[in-house]
1. Just rank GLU113, GLU15, GLU108, fewest to most, by other beta-carbon atoms within 10 angstrom.
2. Please rank THR16, THR144, fewest neighbouring Cβ atoms within 10 Å first, as an exposure proxy.
3. Which residues' amide hydrogens lie under 5 Å from the amide hydrogen of SER4, considering only partners 5 or more residues apart or on another chain, with H built in the peptide plane?
4. Within 10 Å of each residue's Cβ, count the other Cβ atoms and sort LYS34, LYS5 from fewest upward.
5. Just to confirm my numbers, what's the Cα centroid distance between region 122-150 and region 1-24 in Å?
6. Using Cα pairs under 8 angstrom and six or more residues apart, how large is the relative contact order of the chain, in percent?
Amino acid sequence: MKISKTAEELLELEETRELLDNYGDAYLIEKKKKKDLAKTCNYKKGVFYHATGGLGESGLGKALYLGKDRRALNNFYNLDGTEGCIEVYVGDPLFIDLVLYDQFDKFECVAKEKYPNEKYNAHLRLLALVLGYDGIRYYDPIATGEEFVLYNTDKVVLQKTKNKKK
């Protein structure tokens, strides 16, 4: 998958800075950047992680929500390992790159126009699949930054689950 920008480059965007400025004070923002936001140096080719903890959400519809940085996912979604576990998936799915906010907005408008009666953001899944993609790569700095929504789950295989810390 050709990517438009790395997780670190996305963090430096004006829109990202504005979102984080609304998140909290400078101390909280720096703590979030250090603990919760994905860093490409932690990525492994063809390896994705899914956090099973209590903070998981389904904002882009029914799908498998993945990340490339195990530590960031565990810190944010599994409350620093006190809840849930990390599932490890291997595969090479094709994601449409919608990390830039205006690209995501345009995609969402087209999806709503093409599938106006869909609920629970199913229009996003339908358009991605019709266009030949297995899912969506997006950026949410309030969560872990770069994240992946996989609609075609046949493109990955569950390898193992890392147990939560006791």
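1. Working: GLU113 10, GLU15 13, GLU108 16.
If I rank by nearby Cβ atoms, fewest first, I get GLU113, GLU15, GLU108.
2. Numbers: THR16 20, THR144 27.
So the ranking, lowest neighbour count to highest, is THR16, THR144.
3. The answer is none.
4. Details: LYS34 11, LYS5 15.
With the fewest neighbours first, LYS34, LYS5 line up as LYS34, LYS5.
5. Answer, in whole Å: 16.
6. Details: 309 pairs, mean separation 46.7, N = 166.
RCO, the chain: 28 percent.
Each value in this text was obtained by applying a stated rule to the coordinates, not by laboratory testing. If you're wondering where the values come from, they're calculated on a predicted model, not measured in any experiment. With ideal geometry, Cβ positions are generated from the backbone for all residues, glycine too; neighbour counts draw on all protein chains shown.
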